1. Looking at the range 88-105, is at least one residue of a type in the set (D, E) and at pLDDT below 85?
2. Condition first: part of a helix (DSSP H, G or I), of a type outside the set (S, T, N, Q) and more than 26 Å from K162 (Cα to Cα). Can you find one or more residues in the range 15-32 that meet it?
3. So the check is Cβ under 8 Å with 6+ separation or different chains; which pairs have a first residue in the range 54-81 that's assigned by TED's automatic domain parsing to the domain that holds V35 and a second one that's basic (K, R) and surrounded by fewer than 18 Cβ atoms within 10 Å (Cβ to Cβ)?
4. Determine which member of the set Q166, Q121 is exposed (fewer than 10 other Cβ atoms within 10 Å of the Cβ), touching a strand residue (DSSP E or B) at 6+ places or on another chain (Cβ under 9 Å) and modelled with pLDDT of 85 or more.
5. Could you list all residues from the range 55-109 that are closer than 19 Å to N8 by Cβ and β-branched (V, I, T)?
Amino acid sequence: MNLNELWNLYEADKRIQGFSPKTLKAYALQHKMLVLALGNLDVTGVTLSTLKEYLAKQAVRLKPNSLDHRIRFVRSLFLYAYEETYLTSNPSLKLREPKLDKRIPKFLIEEDIIYLKSSCQSVRERALLEFLYSTGCRVGELEKINIEDLNWENCSAIVNGKGSKQREVYFTTECNRYASNKTNGHTYD
């Protein structure tokens, strides 16, 4: 079995497990990079040395986070091959992730928030900004919210996050006022 055949089986397995299309797209790119570097090798010919050489070349041009993602994909692919008995041993077993720097989160200062609020051109924009700011939700999470996920009395919403994990978030009364458009008496779509 070559790397492309392994990929097809691996991708089908991850799709069945419910991995998101974005994750599968990222994995497909990682697979493509692996095959470009190594060729469409028979998986039984891939060794720990082969993988380390590949990753060492990648380390020269990649940031540690990107290299970490690539290593995790390689480990996952070969673990799958081993668990499905396409390989008798896992060549990626001893691969380790690079040491990552601790990053300080970026945040907005009060002046930035004031500027953003004043630049909203509609009540809808202001409601969306207030919701994102007060809940800390991602834009993608906000896009997935349905009207029935909102509890206006509690100022809360059920949000579907990464990995289809649900959580409850709370928004401010100011957000509630803009979202329900009580300030000017009419509603919007």
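The values are calculated or read from the model by the stated rules, or taken from the named source; none is laboratory data. Note that the structure is a prediction, hence the values are computed from the model and not measured. Neighbour counts run over all protein chains shown; Cβ positions are idealised from the backbone, glycine included.
1. yes
2. no
3. Correct list of pairs: P64/K99; I71/R96.
4. Just one listed residue meets the conditions, Q166.
5. V74, T85
Residue by residue, here is whether (1) surrounded by 11 or more Cβ atoms within 10 Å (Cβ to Cβ); (2) under 24 Å from the mean Cα position of the chain (by Cα); (3) on the phi < 0 side of the Ramachandran plot holds:
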| residue | (1), (2), (3) |
| --- | --- |
| Y54 | yes, no, yes |
| K57 | yes, no, yes |
| V60 | no, no, yes |
| R70 | yes, yes, yes |
| S76 | yes, yes, yes |
| T88 | no, no, yes |
| D101 | no, yes, yes |
